[in-house]
Each structure stands twice: as C-alpha cells, then as structure tokens.
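The values are calculated or read from the model by the stated rules, or taken from the named source; none is laboratory data. Just so it is clear, the structure is predicted and the values come from calculations on it, not from any experiment. Neighbour counts are summed over all protein chains in view; Cβ atoms, including those assigned to glycine, are modelled from backbone coordinates with ideal geometry. All accessible areas refer to the heavy atoms of the entire protein, side chains included, with ligands and DNA or RNA removed. Shrake-Rupley method; radii C 1.70, N 1.55, O 1.52, S 1.80 Å.
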Amino acid sequence: MRHIFALPITLLLLGITIAHAQDNPRQAPRREAAEPFQQMFSLPGVDFNESQLAEVAKLREQFVPKLEENQRQWNAIVTDEQQRARREAFQQARDAGKTGQALRDAVNAAVQLSDEQKAEQTKLLGQRNQLAADVRSKLLELLTDEQRTQVRLPQRVQQQKPPTQANVKYGPHERNVMDLWLADSDKPTPILVSIHGGGFLGGDKSVSPQLLEQCLESGISVAAITYRFSSQAIAPASFHDSARAVQFIRHHAKQWNINPAKVAATGGSAGAGISLWLGFHDDLADANSDDPVLRESTRLSCMMVVGGQTTYDPRAIRKLFPESDTYKHGALARLYDVDLEQLDNLPDGEIPIIRRVFSDHTSHKR
C-alpha cells in the first residue's frame, strides 16, 4: 500500500525568521529600507526589469496581508513563558556545543508545546509554505527564458553537505541530472528522492539541509533530481523525467547499496505534485523496453509533500473552486501550452493530453 505521511517539523519550535534585506535593489521593489517578507518576492540571481518590478509590486499587495496574518497567528500560539523557555534552552544548548538535531531536541524538550499548539503550528506552516510557493510560481511566470537560467539556489541549499556523486546523468536531456548522497550502511538503505518545485518553470535539484541531515543520520540515502521545464517540453515530460529518475536509481540499486523496495519521494509545490503523481499512478515499468532503465518499476513506498496540488486538470480545479479563476493559473497554462481562457473550446486533440496525464491512470510510452 502506498501512503502519504507528514515529516515531524522540529524546526517549528525555533520559530520563523523573516529576511528583510537584499543586496540587489532590483530584485524586488523597495518602498522602505526594510519591507516585510522582502526575500520572498525576489529570485536569487535575477534582476527584474521595470515592467516586471511593477508586477512584483502587485504581487506584494496581494500576498503580504495574507502573510502578515499568518505570522500574527503564528506568534500568538506560543505563550510568553514558552518563549522564555525556548530562548534559554537555545542559548544553553548552543553554549554546550550542541548543533543540528541535538540542538532542536533540547529546544523541543524545554518548550513542551501541547498537541493543540503543534497541530496549529503545522497548519500555519503549511499555509505559509503554500503562499510562498504561490508567490514563487507567479514570479517565475514573469521571467524570460534567459532569466530562468539565471535563477540560482538559495545560499542555505548551496552550502549543504556535498553529495557523494554530483550531476549524475539519468536521461538524455541536459536537465536529466541528479545529486546523490549515500548513507553509510552495511545493508541496502532506503532512499528519498527530492523533487524540486517552481511551477514547472524554474528550480533546480535541491534538498533541505535539515532533511538531508536527518535522513543520513537515520541510514536513509537521498537523491535530488531535476527535470525538464514546461517551457522546454510540455506535460507529461516533467512527470516522465521524474519517473525515469526513480527507475534509474533502481537500476543502480546494487551499485549504490540501495534497497529497491524502499523508495520514497518528497517535494513542495510542483515537486509535491510530481511525487503524488508517481505514488498514485500505475507502474510505468515496460518489461519489453530496449532500455534496461525503463524496465524498472516506478512504484513508491510513500510520499512526503508540502504545499502540494492533488490535480493539475483545470477542469477538475474549476469544479472544486467554481467561484475562482484558479484553474487559469499561468503555470498551468504553460504546463500544457494551451489557452485556459478557452478551456471549453480547446481542440479535441488537446484535452486528451490533460486526461491522459492526470485523470486516466494508464501506462503510456515516453
């Protein structure tokens, strides 16, 4: 049986920090020296032009009030006494030389959040992650193809533990690459496949440093993959790329000391959607393929996602939210290269693309 489960988010107890400063004044419009949520409305490595800056300003007007309300609710969860306990425990643990999971465990033990508080924090963090994913997706929509190549990873991702193997080619396209961290183990290890988000228009192979640390400490190997953008190849290319990455890992399971029966996937936003698609789609293994990689299973043991979408079928989305134009999202239109303003008038040949990828769970050639 395939499952969806939630990762215990121990960093919740350390609180959410909001970055205010930017080195590049053209990465987001400035109204004052320290705008709230400034970093969320920029893309590292990208200089917005004047027309793009105007659109970013509109996004701020739309999303900042929602983010401020989320932050207000977050701050109200922890009592003053718990805040003091958290600060004291953090300082004491740091003074004792604790880092990583040991530091987080010390803070968690001191704060002693109730189950109700933990549930509320998990809910609010999920909402915040979704808002952040929505903002990033809309920012990526504004970019030219050249600018998309300039988007770089946040520094916190760039500075994580170096992979055991970097830029391993799993397919023919230039974006069919993965980084691989192999856990130290005498027996075959489970593996978590990290699939990046970005509205299918941006992003690169990455994994949270905290998640990576927790996995390796627990004897779980990690692979972070890339896939083709919808600006390079429309759906189902990104989904099939990710499926091939899973098959490629299984094909090399013995070489990498991986347990092929324990393969999981994780991601946020588009990465979450791909993870869910892989987990619930029929197995794409083709026993008769000339390519030995494609003979491997695409099955997952479980999926762990944040800010995921359960469907990318615009017709289904319109039914779920009949009073909203969510189904017309620009990233969704780019995913299929169709005009969603004309959803009911699409040529017959275009609707089956959507149906085949997200509605009919049947295997198909790649």
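So the values come out like this:
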read-out	value
Neighbours by Cβ (under 8 Å, 6+ apart or cross-chain): first from region 213-227, more than 15 Å from PHE248 (Cα to Cα) and without any contact (Cβ under 8 Å) to a residue 40 or more places away in the chain; second open to solvent by 10 Å² or more (accessible area, probe 1.4 Å) and assigned to a strand (DSSP E or B)	CYS215/LEU192; GLY219/PRO190; ILE220/PRO190; ILE220/LEU192
Selection within region 45-58 - aliphatic (A, V, I, L, M) and touching a helix residue (DSSP H, G or I) at 6+ places or on another chain (Cβ under 6 Å)	VAL46, VAL56
Close pairs from region 69-83: first closer than 12 Å to GLN127 by Cβ and part of a helix (DSSP H, G or I), partner at pLDDT 90 or above and hydroxyl-bearing (Ser, Thr, Tyr), Cβ under 8 Å, at least 6 apart	none
Residue among GLY97, GLY45 that is assigned to a loop (DSSP other than H, G, I, E, B), modelled with pLDDT of 80 or more and either closer than 30 Å to SER275 by Cβ or of a type in the set (D, E, K, R) (or both)	GLY45
Qualifying residue in region 112-126 (condition: on the phi > 0 side of the Ramachandran plot and assigned to a helix (DSSP H, G or I))	no
Output for region 134-161, where each listed residue is modelled with pLDDT of 65 or more, within 30 Å of SER221 (Cβ to Cβ) and in a loop (DSSP other than H, G, I, E, B)	THR149, VAL151, ARG152, GLN160, LYS161
Subset of region 212-238 (residues that are open to solvent by 20 Å² or more (accessible area, probe 1.4 Å) and in a helix (DSSP H, G or I))	GLU213, GLN214, LEU216, GLU217
Test: residue in region 166-177 that is surrounded by fewer than 22 Cβ atoms within 10 Å (Cβ to Cβ), outside any helix (DSSP H, G or I) and on the phi > 0 side of the Ramachandran plot	yes
Conditions (1) free of Cβ contacts under 8 Å to residues at least 24 places away in the same chain; (2) within 17 Å of the chain's Cα centre (by Cα); number of the one not met by VAL207	(1)
Residue ranges of helices (runs of 4 or more DSSP H) in region 286-366 with at least 1 members open to solvent by 80 Å² or more (accessible area, probe 1.4 Å), at pLDDT below 85 and among the charged types (D, E, K, R)	351-358
Number of positions in region 226-244 that are aliphatic (A, V, I, L, M) and within 12 Å of HIS173 (Cα to Cα)	2
Filter result (of a type outside the set (A, V, I, L, M) and more than 24 Å from SER218 (Cα to Cα)) within region 87-111	ARG87, GLU88, GLN91, GLN92, ASP95
Search result, residues across region 56-99 that are more than 29 Å from the chain's Cα centre (by Cα) and open to solvent by 60 Å² or more (accessible area, probe 1.4 Å)	THR79, ASP80, GLU81, ARG84, ARG87, GLU88, GLN91, GLN92, ARG94, ASP95, ALA96
